[in-house]
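The values are calculated or read from the model by the stated rules, or taken from the named source; none is laboratory data. Computed from a prediction, not measured in an experiment: that's the story for all the values here. Here the Cβ is made from the backbone with ideal geometry for all residues, glycine too, and neighbour counts use every protein chain on show.
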Amino acid sequence: MYRIIISQIIVICTFVFTTHNILAAGWEDENTPISFKLELLPWEEATQLIPKKTKFTLIDVETGLHFKVQRRAGNQHADVQPLTVKDTKIMKNIYGGNWSWKRRAVIVLVNDQMIAASMHGMPHGAGALQNKFPGHFCVHFYGSTTHRLKNEDPIHKLMIMKAAGKEKAYLYTLEPDQMIELLTKAINMRDSYLLKTIIPHGGTSACFKEQIKHVSYMSLLEPAQNKKDAGYFLAEVPVQAAFYSKKYGKQNKKFNIILTRYNVADGWQIKDISLCDELDIPRNINE
């Protein structure tokens, strides 16, 4: 994916570079006057690079598509607008033709610098440019906070780490409550990419993977209860969820999501739900 992104940057800058292996940590060409190195910059530094009215490029990490924007406002993150009608169309294409609050990992290209960031795709508030975009949208950097709650948005933070190539390492640092907070947001926003990021391909029970498909809403109830069992660490996080079961139909219940890790140096992994026994779904992933 970073090969695609760098190729887009080459086109944008109208320079022709020798092909390189692109690493998430960064890329530099010592034979040219421009150095592209992907940086995870805190908001206090990023905001200095893109003061209000600055025009820069956003590159979507997943698709490699890019479009130009202008920063219009924002004190703890950047409130930006697509620069032209063409840029609005590209942005909408990135979101599959529908505006959405879903966060996406992006790279900010300004001058000769690349900065890891996150954007959402929902027009809101005021807009000043003639671009057929009804308002502005938000771009978050490392340490950015929201206008209303004045705290870091956990999904924006995960997407910023994804843009920086540090997503897996970041997930490893999260406590059980933080993991389930991300899970609830992914479910409530119908964000399939985020679900795939949080729930690994292996190690999670068949029951959990099957039942989570039918959950329409979930909320975190209480802090996790941690304990050690049979040589590994286990945490149970209580949640309330609305879901559908083939056996019982529509349900609204409280239950525990179970996470495990084998030692304190490992990251927590979502494993199971306490409803598996009564839902008549195989618990083993291979069943």
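Observations, loosely collected:
- Top-ranked residue of region 196-241 - restricted to ones that are in a strand (DSSP E or B) and charged (D, E, K, R), ranked as modelled with the highest pLDDT: Glu236
- Options Met189, Met159: the member that is assigned by TED's automatic domain parsing to the domain that holds Ile115, touching a residue at least 12 places away in the same chain (Cβ under 8 Å) and more than 19 Å from Val264 (Cα to Cα): Met159
- Annotation note: of Gly127, Gly143, Gly121, the sole residue that is under 15 Å from Ala78 (Cβ atoms) and either in contact with a His (Cβ under 8 Å, 6 or more places away or on another chain) or loosely packed, with under 15 Cβ neighbours inside 10 Å (or both) is Gly127.
- Among the candidates Ala128, Ala169, Ala164, the residue that is of a type in the set (A, V, I, L, M), modelled with pLDDT of 95 or more and either assigned by TED's automatic domain parsing to the domain that holds Trp99 or within 15 Å of the chain's Cα centre (by Cα) (or both) is uniquely Ala164.
- Residue match in region 197-211 (condition: more than 30 Å from Asp79 (Cβ to Cβ) and charged (D, E, K, R)): yes
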